[in-house]
1. Restricting to the stretch B:438-577, what percent of DSSP beta bridges are antiparallel, rounded to 5?
2. Rank these residues by their accessible area, most exposed first, probe 1.4 Å: A:Lys315, B:Lys725, B:Lys143.
3. For the stretch B:1-48, list whatever residues lose no less than 10 Å² of accessible surface once every protein chain is in place, relative to that chain by itself, with the probe at 1.4 Å.
4. To the nearest 0.05, how large is the calculated FRET efficiency for B:Lys18 and A:Ser11 if R₀ is 45 Å and r is the Cβ-Cβ distance?
5. What dipole magnitude, in Debye to the nearest 20, does the protein assembly as shown give about its Cα centre under +1 on Lys/Arg Cβ and -1 on Asp/Glu Cβ?
6. Cβ under 10 Å from A:Val48's Cβ, A:Val48 left aside: what net charge do those residues give with Lys, Arg +1 and Asp, Glu -1?
7. What dipole magnitude, in Debye to the nearest 20, does the stretch A:5-52 give about its Cα centre under +1 on Lys/Arg Cβ and -1 on Asp/Glu Cβ?
8. Report, to the nearest whole %, how much of the accessible area of the protein assembly as shown belongs to carbon and sulfur atoms, 1.4 Å probe, protein only.
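The values are calculated or read from the model by the stated rules, or taken from the named source; none is laboratory data. Computed from a predicted structure; not experimentally measured. All Cβ positions, even for glycine, are placed from backbone atoms using ideal geometry, and neighbour counts span all protein chains on display. The area values use the complete protein model at the heavy-atom level, side chains included, leaving out ligands, DNA and RNA. Shrake-Rupley method; radii C 1.70, N 1.55, O 1.52, S 1.80 Å.
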Amino acid sequence: MREFDYARADSARQAVSSHGTNEQAAYLAGGTTLLDLVKIDIMRPEQVVDINRLDLNEIETLNDGRTRIGALVTNTALARDERITRDYAVLSEALLSGASTQLRNKATTAGNVMQRVRCPYFRDGVSPCNKREPGSGCAAIGGYNRSVHAVLGTSDKCIATHPSDMCVAMAAIGATVQVQGPEGEREIDFLDFHLLPGDTPWKEHALKENELITHVTLDAPIQGSRSGYLKLRDRESYQFALASSAVIVALEGNTIREARIALGGVGTKPWRVKEAEQALKGQPANEQSFQKAADIVMRDATPYEHNAFKIPLGKQAVIRNLTTQTA
Amino acid sequence: MSDSIIGAGPRRIDGRLKVSGAAPYAADHYPDNMAYGYGVFSTIASGRVTNIDLSEARRSPGVIDIFHHGHFPSLYHTPSSMMQGNKVEETRLPFEDDRVYYEGQFVALVVADSLENARAAAYKVKVSYDEEKAIANLDQGVKAHGTQKGKGNHSRGNPGASFESAAHSIDYTYATPVETHNPMEMHATVASWRGDRLHVYESSQGVLQEKGALAKIFGIAPNQIEVESPFIGSGFGSKLWMWPHAVTAAAASRETGRPVQVVVPRQQMFTTTGHRPETRQRLRLATDNQGRLVSVRHESINATSFTDQYVETCGSVTKSLYSCDNVLVSHETTRVNRGTPTSMRAPGAAPGLFALESAIDEMAIEAGIDPVEFRLNNYADRDESQDLPFSSNHIKDATRQAAEKFGWSKRTPEPGSMREGNEFVGYGMAACNWEAMRFPCDARVSLRADGTAYVTCATQDIGTGTYTIVAQAVSDVTGLPLERITVKLGDTSYPEGPLSGGSWTTATTLPAVAEASRKAIEQLKSHATSGQGAFSDVAAEDLSFENGQLSHNGRAMDYTEVLGAQRLASADGEAHTGGADTSKYSFRSFGAHFVEVRWDPGISNLRVSRVVSAIDVGRAINTLTARNQVEGAVVMGLGMAHFEATDYDHRNARPVNNNYAEYLVATHADQPEIDVILLDNPDYEFNEYGARGIGEIGITGMAAAVANAVYHATGKRIRELPISKDKLMEGIPEPQRA
């Protein structure tokens, strides 16, 4: 195989130091993205830093009501945690709608945040792809762009969706990402963590080269709210979302007191839509309000050759989910 | 016992081996000193290799040799004849020249001391190409160079004139995409030369064909080759014929002097091991004012490769399923830059019946007749294409039984008229049909002194249950329990058995096995009644053999004692049985699928919620494995209807969803309740067991049944598979022009 240096870290600081600023270094947690991409020669790390021994396996409820999730908490453990199923149903549902049991058992919280796109042109190793080879172009535009390509947040340099379900729920809940760098720790707002492709699609997130995610901390749950994740796809299991929605709603009578909406499968990053949430606030929980919010969600969408159906489908994901959570 | 074991449902005798991981598949063999081959695959679909830069790859750890068109032994072409036993589907040899005909074609093979080293080095091989414009799909092929005549064409009467003067008519074109077999086990070869003898482990549905083809390609005698394929992680047709990887492995082994393993990576399972080709099918049907078919035309085109003509005989069933005096069936092909297509479960019939049975539904609606009634009125009573009676045809019974169990009478015909909650409910149905075939077969059965029977036949068990039904047949004749019967298949050193395909394995193999069992008993009786035998005073024909005991007039002795007393290891029987006599009857299997779909327009969700299938295949030897074949085929048909399509980039003919995540097959969660009715009408004109074979028929008609149900639920007629949600949605905006 292609050889690389392997280091096993015992602390976050040590991991960061082993990783260094080498662009070809990679942290290894569950490996469900990294090993796949190494095997097909798309990622070629020179330095792999194994962080599986780090003490980042806890889910903690903080004094201020927030919930702090260690980077190495597996998708399975997080989805099945009682505090999560009670206070953040949307997150548990999103996790369980993704991948397969085997993958969720290996995949970690931080790894899910960091997963790479499923665009076939990124993964084939030869087509023009600005993520893989900056400046080479985007073969997805004008090519086959049905399932894993976005209608929101795209640019003429990249249209790949961010594939995560978990991140969509986190975007709706609101969260911060704790990172460890050589100079210490810092926090990044979850909504600022993933970057739009713009002119630099190879820059996918706000981490500096050597920083390591240690925790994701969820905002405190909204009192009296209900939440859920609705994932629409071709088959019932083991497929990335064509369109999905994470919705959190709190009612007063039949009036919407507060709402959170984020979408997956349609955006180049987990797609929170605050403007649609604002539009719902104080409105009656009915189809007309939901339709209006859905229209706002897709107002600036760009349909490509094969994925234009995602625009109505994304709206449907929002409307049905809001309907269910307010029924 | 002998009355119950045939038609019973014993569990698979190889089940424990498989679920415990003890069953060795092709790539589970590790001969001493084995090296690993990993392919370098073309990244263009059409053109020439202009240069292969090996400098970096050669320096990569563990590399032993790198083969390519400039460094590969000169081999021969096989005549590729199925009857001669040397067929391959892709006749071009790997590395034969510098031409590239499809993306994912072998352009080099790195041989190294480990899989990881071979793969890493393969990634370092730099290939330069002179790329030509690729023909990326069927439409581009037709436009660029038209079509070539295919095979299996048929005409009778005057379909053109009868169409023009008919009371009702339809004229629609249906399309099916490339589907890829995607068996779980990847194609794999482990080849070893010992002197001038070649031994191969292969995941193969036809060890004898591979042996014959290798003999031709390497220019050696067949008896210098052995091919073993004891366990196969399914094939669905993609493992009927040997593909280029096996030739690369055998050649690399001879050149390097080491056993060489080549496993085809999942991505190249989409390129270099066959696929079901893309089809376009025009159906023109017409009826009189009573709704009787007066004209049927089924004209299809399928895409084939630039190196071989593969014909998908979409109209094979159209010739004989319905009664009609005026019929035209034609097949044409057009060349595209894809690998050579091949048979995939129910070749011809699966895409063909999607079109035919969708068109029959449209015809029935046009004529104002219930689709079930329409079919019952039009099913043929004899094979009009051959002017022969069917050996056994219970399609009307199958259709009525399935309709009854499904509850067809509750259907209100108006599209969109049945609703439950958010969902529109649709009922649809379609006929299914498959030819029954039977070929010559040899088998050997030994009744051994240790009390076991040992059975050999060079056919294969591709996961369908052949091991088990062969044991059942031996048990049926000898009375030995299954646990005392050892069945050995998938080895060219055994008596010649059939290719595992065409749903003919059961009908072909069991008569030979039964005959060999009877001959072994005869030999046992002959031993027993010989001078030194325990029954030397009895004539062989007066001796009876039941449940392992020889007896005469109340005197009984276990056969092991009889053999033991004479120090004989075994009594043996060898048999050769012939193929089907197709001069008096047309042998076909029949059935009907009834499908309920649910369409939730609020979230654009389509699901198949219920299936009832009645299948008339003669007798089922093993009801468990038979039912399993139909259920599996129904699920595969559901995937064909709903999800499956290999998508190619129209600009360069590159497959884009070449993996298990993006090439969608039905998952467990997609599977509805499947109610399988096995009609039990033994077809003794076909063989002594009355069994016609069951592997393929279940997939035929499924996609049409779904499409017809979708029409009933939504009012939308989808004539192009798969029926994905975007084809049913409203309000999709125009895409941005690139």
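1. Values: 19 of 25 bridges.
Roughly 75 percent of the DSSP beta bridges within the stretch B:438-577 come out antiparallel.
2. Numbers: A:Lys315 55, B:Lys725 10, B:Lys143 180 Å².
Sorted by accessible area, descending: B:Lys143, A:Lys315, B:Lys725.
3. Buried by the other chains: B:Thr43.
4. On the way: r = 46 Å, r/R0 = 1.02.
According to the calculation, E is roughly 0.50.
5. Details: 108 positive and 130 negative charges, 245 e Å.
Once rounded to the nearest 20, the dipole reads 1180 debye.
6. On the way: positive: A:Arg8; negative: A:Asp5, A:Glu46, A:Asp50.
Computed value for this residue: -2.
7. On the way: 4 positive and 7 negative charges, 19 e Å.
With only Lys, Arg, Asp and Glu charged at Cβ, the dipole is about 100 debye.
8. 45
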